[in-house]
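Peer 1: Next up is a structure, given as structure tokens.
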Amino acid sequence: MRRLIATAVATLLLVGGAVVGSAPATAAPAADVVTTVAAPAPQKVNVPLLKKRVAALAASAEKVPVYTKVERQQVRALVSKARAAIRAKQHSKAERIVTKARAIEKDRRATEKALAAKTRKAKSYDRHMIPLKYLTKVQPASVNAKHRTKITVCKAVYLRPDAAAAYQAMDRQFFEATGRHLRLDCGFRNVAQQRYLAVHHIGYAYWPWTDKKHYGSEHGLGTAMDVKGAASASSVQYRWLKKNAKRFGFVQTLTYENWHWVFKGTR
Ligand SMILES: [Zn+2]
């Protein structure tokens, strides 16, 4: 008899680590122990929390800056899918969709945060003095035929990170509308580049003032860009920009320069 009890206790000990402490003392039948260990309670979907998350996603998708439009469209689509699943009482499906949308939203927020940090850094420098590492290269080296001399002005086009992101979003839209890209002649200019233009292109470029006392070029801030082919008011580029640039935060600040567009922000 003693041996039999000992065997039963040993069996209980083998069944699962979690019940080792309590099972031998109460000497519960082995079958009960097995049931407790093998069948954990099924995970219930927290429907009120799910609905709250869908509402939060829908709200944040409306607040994002225009340059994260792709992510906004993805989140919007997932929100309507999640809502449909909730209406159909398919809560587990809705939960999977919400998890996916939240991951996209998390990535987008991280990208936006990094972009804002880099932009703040660029803004902390004087005009024409921003190191290239705090700017974003939006176009590889291209030489403007007009300025093709010993010094290459605007070899590659750099913009302040927020302006660059807005430009890229705008260029995507322009490409969808026209099948062409918005090519740029110039973005940020350092002191040497600005001085060269001020000397060789009198009337079109400010002296490279770096102090706040003088009004200087917006190219020194990395917010201005010169759009290729936009000089004529009847050009495809100019007409499109006139109609759409504002949505992306770009405005024409010099009425006599149709190619010069400056990023002023989207919020
Ligand atoms: Zn310009």
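Peer 1: Working only within segment 174-193, note down all residues that are of a type in the set (S, T, N, Q) and at pLDDT below 90.
Peer 2: Matches in segment 174-193: Gln193 only.
Peer 1: Right, next: Out of the residues in segment 175-196 meeting the condition of being touching a residue at least 40 places away in the same chain (Cβ under 8 Å), in a helix (DSSP H, G or I) and surrounded by fewer than 22 Cβ atoms within 10 Å (Cβ to Cβ), tell me which one is nearest to the ligand (Cβ to nearest atom).
Peer 2: Restricting to residues being touching a residue at least 40 places away in the same chain (Cβ under 8 Å), in a helix (DSSP H, G or I) and surrounded by fewer than 22 Cβ atoms within 10 Å (Cβ to Cβ), the top hit is Tyr196.
Peer 1: Could you tell me which residue of segment 152-169 is modelled with the lowest pLDDT, considering only residues that are in contact with a helix residue (DSSP H, G or I) (Cβ under 8 Å, 6 or more places away or on another chain) and either among the polar types (S, T, N, Q) or assigned to a loop (DSSP other than H, G, I, E, B) (or both)?
Peer 2: Val153
Peer 1: I'd like to know if segment 221-237 contains one or more residues that are part of a helix (DSSP H, G or I) and away from the ligand (no atom under 16 Å from the Cβ).
Peer 2: Yes, segment 221-237 has at least one match.
Peer 1: So for segment 92-109 (the condition being in contact with an Asp or Glu (Cβ under 6 Å, 6 or more places away or on another chain) and either outside the structural domain of Arg160 (by TED's automatic domain parsing) or not in a helix (DSSP H, G or I) (or both)), does at least one residue qualify?
Peer 2: Checking segment 92-109: at least one residue is in contact with an Asp or Glu (Cβ under 6 Å, 6 or more places away or on another chain) and either outside the structural domain of Arg160 (by TED's automatic domain parsing) or not in a helix (DSSP H, G or I) (or both).
Peer 1: Can you pull out the residues in segment 178-203 that are of a type in the set (Lys, Arg) and within 18 Å of Glu257 (Cβ to Cβ)?
Peer 2: Across segment 178-203, the qualifying residues are Arg183, Arg189.
Peer 1: What are the residues in segment 197-220 that are within 11 Å of the ligand (Cβ to nearest atom), part of a helix (DSSP H, G or I) and over 13 Å from Cys154 (Cβ atoms), if any?
Peer 2: Glu218
Peer 1: Answer yes or no: is there a residue in segment 242-257 that is small (Gly, Ala, Ser), assigned to a loop (DSSP other than H, G, I, E, B) and at pLDDT 90 or above.
Peer 2: Looking through segment 242-257, at least one residue is small (Gly, Ala, Ser), assigned to a loop (DSSP other than H, G, I, E, B) and at pLDDT 90 or above.
The values are calculated or read from the model by the stated rules, or taken from the named source; none is laboratory data. Since this is a predicted model, take the numbers as computed values, not measurements. As a convention, Cβ positions derive from the backbone with ideal geometry for all residues, glycine included, and neighbour counts pool all protein chains shown.
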